[in-house]
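Reading through the structure tokens given below for one structure.
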Amino acid sequence: MGELGGFKKYERKLETNIAVKERIKTFKEFTQPLEETEQKKQGSRCMNCGIPFCHSGCPLGNLIPDFNDMVHKGEWKKALEILHATNNFPEFTGRLCPAPCEKACVLGIIDEPVSIENIEKYIIEKGFEKGWIKPNLPKYRTGKTVAVVGSGPAGLAAAQQLNRAGHLVTVYERADEVGGLLRYGIPNFKLEKSIIDRRVAILEAEGIIFETNVNVGVDISVEDLKKHDAIVLCGGATKARSLPIPGSDAKGVHQAMDFLTKQTKALFDKKVQKDIINAKGKNVIVIGGGDTGSDCIGTSNRHGAKSVTNFEIMPKPPMHRSEKTPWPFWPLQLKTSSSHEEGCDRNWLINTKEFLKNEKGELIALKTVEVEWKIIPGQRPQLIEKEGTEKTWDCDLVFLALGFTGPEKQLPEQLGVEFDYRTNVKANTQTYETNVSGVFTAGDMRRGQSLIVWAISEGRQAAYHVDAYLMGSSSLPLKDKNDLLTA
């Protein structure tokens, strides 16, 4: 695998970014790929490990050393075949996945890990560039029909796998375009929507039917949905967490997804540009230190915000891997995104207590207090406010990026499916089937807010069990969950 001793010969290199001053002028992707000779060198860094822990770190079980070796040899088409064997959409994961595989890379124990995510992106882009990625129609049709509700990564993966098994698949999406969170929840500067469109065109050519602007349970009845031989619920975890404190109704306090969705829609429809939440010239505070908060920061900077401040209620993670999360597990470690680099004031251990508004109900400031987490053996950590640390922050806009509490309940309740103690749709952990026969679920709707790579993995896993339910057995690939290191 790779070049003998290549990890000693070549340093880790990643694609570069366009300078901040230039990239924040547009909402386009801003990465600049390495030259092909350098890409091959990065593949050559793979160590030919006796036990490749990157397999376990990846929820999809990608055959990482195998495609690295093909890149090292310049066999790009073979690398693509290996990559597609386990991952339906590398163009999405190559841009958006936080790469748990790299955190499990054996080389990472002594050096910088192999740049697996970048390599994955290069492989898939080479495939599209060369015209190697073409519709793969099933050899026969079973006569069975499957409804997939939701066209995010879990729904798309389930749909493609079930279509490959020969079933007639219809995907229902309540938005006006296919893609779920990928379409409107992820800013264009991280994922240009043409990337989604080219993949959807392939899925349509393979025979998958997409019904957009259809809110199941509202625009069509649940009884109509039940006419299908099986149903797969992939609606995601879309209920945003609120912040129920005084003044939360102030004009200027918004959920992050409202901000991001309206901005992305405005890029493609001039008629809705007047509806965006514009941060130009305003003091913006983003509450929440995760990826969604980072996306709000990047979007605010592109609007031309006067200032951008970020609050996180948890402690600042260490710069390097914590002893609490040893290799090969996902590390507790500070993450600095490209949006953070574009400009923001980051603050940890901050709790927002009140939003202040003027006589017109407009947001003018917020009050905070510093906090600490008290660890009590056998109990959940307790949040303790520090006396004398109250502070008032002037602001015009606040975006709540606090995560999601679970799926919307209307459709599951109409179908009669149960929920688990976390308010997610409850399903058998082995078969993904709910308490209602023939109704399955996958992705964030089943496991809660999670990673895109987990969504694709769950969609693939669910498809296997749906196929087995319909046909008695399945020849679709199935990953052994016992191999996974990340939960």
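Here G281 clears all of (1) in a helix (DSSP H, G or I); (2) among the small types (G, A, S); (3) surrounded by fewer than 24 Cβ atoms within 10 Å (Cβ to Cβ) except the condition numbered (1).
Could we say that E81 is surrounded by fewer than 22 Cβ atoms within 10 Å (Cβ to Cβ), modelled with pLDDT of 95 or more and over 26 Å from L156 (Cβ atoms) here? No; evaluated as a whole, the condition is false for this residue. Among the residues making up segment 191-238, those that are of a type in the set (G, A, S) and without any contact (Cβ under 8 Å) to a residue 12 or more places away in the chain are S194, A201, S221.
Scanning segment 392-428 for residues that are touching a Pro at 6+ places or on another chain (Cβ under 9 Å) and of a type in the set (A, V, I, L, M) yields a single hit, V425.
Of everything in segment 49-61, what is assigned to a loop (DSSP other than H, G, I, E, B) and in contact with a helix residue (DSSP H, G or I) (Cβ under 7 Å, 6 or more places away or on another chain)? Give them in sequence order. Selection gives C49, P52, C58, P59, L60, G61.
One residue alone among R302, R321 is surrounded by 15 or more Cβ atoms within 10 Å (Cβ to Cβ) and at pLDDT below 95, and that residue is R321. In segment 470-487 there is no residue that is in contact with a Leu (Cβ under 9 Å, 6 or more places away or on another chain), buried (at least 23 other Cβ atoms within 10 Å of the Cβ) and at pLDDT 95 or above. The condition of being out of contact with any strand residue (DSSP E or B) (no Cβ under 9 Å at 6 or more places or on another chain), crowded, with 23+ Cβ neighbours inside 10 Å and not assigned by TED's automatic domain parsing to the domain that holds Q263 holds for only one of E125, E120, E192, that being E120. Among what's in segment 335-390 and is closer than 30 Å to K21 by Cα and of a type in the set (S, T, N, Q), pick the residue that is surrounded by the most Cβ atoms within 10 Å (Cβ to Cβ). Among those residues, the one meeting the criterion is S339. Of the listed requirements (1) crowded, with 24+ Cβ neighbours inside 10 Å; (2) under 21 Å from V218 (Cβ atoms), R174 misses just one: (1). Within segment 440-458, the set of residues being touching a strand residue (DSSP E or B) at 6+ places or on another chain (Cβ under 8 Å) and not hydrophobic (A, V, I, L, M, F, W, C) comprises T441, D444, R446, G448, Q449.
Consider segment 30-48 and keep the residues that are part of a helix (DSSP H, G or I) and not polar (S, T, N, Q). The one that is farthest from K103 (Cα to Cα) is E36. Could you check segment 325-443 for strands (runs of 3 or more DSSP E) lying wholly inside it with 1 or more residues that are among the acidic types (D, E) and not assigned by TED's automatic domain parsing to the domain that holds D229? Here the list reads 345-348, 350-357, 363-374, 382-385, 391-394.
The values are calculated or read from the model by the stated rules, or taken from the named source; none is laboratory data. Note that the structure is a prediction, hence the values are computed from the model and not measured. Every residue, glycine as well, gets a Cβ built from its backbone with ideal geometry; the counts of neighbours run over all protein chains shown.
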